[in-house]
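Q: For reference, the structure I am asking about is given below.
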Amino acid sequence: MSQGASSISSHDDTRHDALQASGALLRLDDICKEFPGVKALSDVRFDLRSGEVHAVCGENGAGKSTLMKIISGVYQPTSGTILHKGQKVQYASPLESEAAGIAIIHQELNLVPHLSVAENIYLAREPRKGFLVDRKKLRADAKRCLDRLGVDIHPDTLVRGLSVAQCQMVEIAKALSLDAEVLIMDEPTSSLTEQETRLLFKVIRDLKASGVGIVYISHRLDEMAEIVDRVTVLRDGRYISTDDFKSITVDDIVTRMVGRSLEEKFPERTSKPTDEVIFS
């Protein structure tokens, strides 16, 4: 762990027990991330409770993906503290974060086209019988994940024959197969039909009821009202606010995302027709 990431202010230690008692699964304090010539995140904070859906909103470039990659071990923070169930951690890779119960569903599909659905769901985690893959158990386990989503895809189907929406559902099934206690969903409905989105929301509600904490990233602000408990807004790599979703409007969220008031969504047209001929 880097010196910056291991440093923690004195008042943080006094909050550990309170965070655990409140069901907090994850807390990030004063997270900074610098790339050569670019400061992607500056003093960002975020926390996730057990059994909640916490949305992270912001324009493109606000730092949402960078923050999620730090949580999942893809990036290491330049400075700041990560607490997972009250313990200071810093995951060196996605494999480490997965082993600790953190799973991420990437917006970019991360599947192997020439492998089957079942092989993709349990890639590098295939059940084994001795030195060989237990194909029967592999299919059965994959089918349980797909059935949980209400998806009618055979586990032996090759991924290259699936639609984009079906591939997205396989990605979600892959995350569910990890039995994660922290689940990060990055634009999970971007390629789903309305019916598939309904099924996904049902799964999210079931996961909440079982105590899973879900980080939800989406540009579809209107649909969040159905499932989101709290919302954190980032802008230009900085923390702006965290609110209960029921206590804030979509217009409030957008205003904080862009940093200015949106008094006129459809401004009055100021152009006036003239008799001047432009084309003849």
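Q: Kindly identify the range 31-90 as rounded, prolate or oblate by the Cα gyration tensor criterion: order the square roots of the eigenvalues as a ≥ b ≥ c, call it rounded if a/c is under 1.5, otherwise compare a/b with b/c, prolate if a/b is larger, else oblate.
A: In terms of gyration-tensor shape, oblate.
Q: Oh, and also: So how much slack lies between Leu132 and Asp147, counting 0.36 nm per residue of separation and subtracting their Cα-Cα distance, in nm? Write out the running numbers ahead of the final one.
A: Values: separation 15, 0.36 × 15 = 5.40 nm, distance 2.57 nm.
Once the chain is fully extended between Leu132 and Asp147, it gains 2.8 nm.
Q: Can I ask one more? Taking GluC sites (Glu not before Pro) that fall in a DSSP loop and have at most 11 other Cβ atoms within 10 Å as cut points, what is the longest piece of the chain between them?
A: Working: sites that count: Glu108, Glu263, Glu264, Glu268, Glu276.
After excluding every exposed loop site, the longest remaining stretch is 109-262.
Q: Computed FRET efficiency, Cβ-Cβ of Asp252 and Arg220, R0 25 Å: what is it to the nearest 0.05? Spell out each step's value before the answer.
A: Numbers: r = 16 Å, r/R0 = 0.66.
E between Asp252 and Arg220, to the nearest 0.05, is 0.90.
Q: Mind listing which trypsin sites (Lys or Arg not before Pro) in the range 112-202 are in a DSSP loop and have 16 or fewer other Cβ atoms within 10 Å?
A: Values: sites: Arg125, Arg128, Lys129, Arg135, Lys136, Lys137, Arg139, Lys143, Arg144, Arg148, Arg160, Lys174, Arg198, Lys202; in loops: Arg125.
Filter output for the range 112-202: Arg125.
Q: Between the range 75-134 and the range 165-229, what is the separation of their alpha carbon centroids in Å?
A: The distance from the Cα centre of the range 75-134 to that of the range 165-229 comes to 17 Å.
Q: If you don't mind, there's one more thing I want to ask. Would you please give the FRET efficiency between Arg45 and Leu158, computed as 1/(1 + (r/R0)^6) with r the Cβ-Cβ distance and R0 = 51 Å, to the nearest 0.05? Intermediate values should be presented prior to the final figure.
A: Numbers: r = 44 Å, r/R0 = 0.85.
Efficiency at R0 = 51 Å is approximately 0.70.
Q: Please report the relative contact order for the range 177-262, taking Cα pairs under 8 Å with a sequence separation of at least 6, and give it as a percent rounded to a whole number.
A: Details: 77 pairs, mean separation 20.9, N = 86.
The value is 24 percent.
Q: Taking R0 as 30 Å, what FRET efficiency do you get between Asp244 and Lys88 from their Cβ-Cβ distance, rounded to the nearest 0.05? Working shown, then result.
A: On the way: r = 28 Å, r/R0 = 0.92.
Plugging the Cβ-Cβ distance into 1/(1 + (r/R0)^6) gives 0.60.
Q: DSSP loop chymotrypsin sites (Phe, Trp or Tyr not before Pro) in the range 175-245 with at most 13 other Cβ atoms within 10 Å of their Cβ, which ones? Could you put the intermediate results ahead of the total?
A: On the way: sites: Phe201, Tyr216, Tyr239, Phe245; in loops: none.
Listed in order of number, the matching sites amount to none.
Q: In addition: How much length, in nm to one decimal, is gained on full extension between Ala100 and Glu34, taken as 0.36 nm per residue of separation minus their Cα-Cα distance? Could you put the intermediate results ahead of the total?
A: On the way: separation 66, 0.36 × 66 = 23.76 nm, distance 2.54 nm.
Residue separation times 0.36 nm, minus the Cα-Cα distance, leaves 21.2 nm.
Q: Give the shape of the range 86-208 as rounded, prolate or oblate, defined through the alpha-carbon gyration tensor: a ≥ b ≥ c are the square roots of its eigenvalues, a/c under 1.5 means rounded, and otherwise the shape is prolate if a/b is larger than b/c and oblate if not.
A: On the way: a/c = 1.60, a/b = 1.04, b/c = 1.54.
The shape class here is oblate.
No value in this document is a laboratory result; all are computed from the given coordinates. Since the model is a prediction, treat every value here as computed from it, not as a measurement. When we count neighbours, we look across all protein chains shown, and the Cβ atoms used for this are built from the backbone with ideal geometry, even at glycine.
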